[in-house]
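Structure, as structure tokens:
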């Protein structure tokens with residue numbers, strides 16, 4: 001991955017961490033599943049608050065329909 005370390009690969013896309021870019025990874029257990037979000041960018045000071053607000057809107061339920 002061009003010098004980056006792969007965290008995971010899903011649906012043909014890689015999530016990774018590399019030099020020069022701040023990467024935040026949020027991982028949580030939801031029922032018997034693991035959910036992960038990768039948040040990265042060169043200018044996190046400009047958009048990190050917006051990303052946090054977006055993550056705050058995510059909700060999970062383990063109730064079956």
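Two decimals is fine: what's Rg over Rh for segment 5-56, C-alpha atoms, Kirkwood radius as Rh?
0.99
Which angle between 0 and 90 degrees, to the nearest 10, do you get for helix 44-56 versus the longest principal axis of the chain when only C-alpha atoms count?
Roughly 10 degrees, rounded to the nearest 10.
Determine the gain in length on full extension of the stretch residue 61-residue 6; use 0.36 nm per residue of separation and subtract their C-alpha separation, reporting nm with one decimal.
Between residue 61 and residue 6, full extension yields 16.9 nm more.
In percent, how large is the relative contact order of the chain, given Cα pairs closer than 8 Å and 6 or more residues apart?
This gives 21 percent for the chain.
Figure the gain on full extension for residue 48 and residue 33 (residue separation times 0.36 nm, minus the Cα-Cα span) and round it to one decimal in nm.
Stretched fully, the residue 48-residue 33 segment lengthens by 2.8 nm.
Where a number appears in this text, it was derived from the coordinates with a stated rule and is not lab data. In this text, all values refer to a predicted model and were calculated from it rather than measured experimentally.
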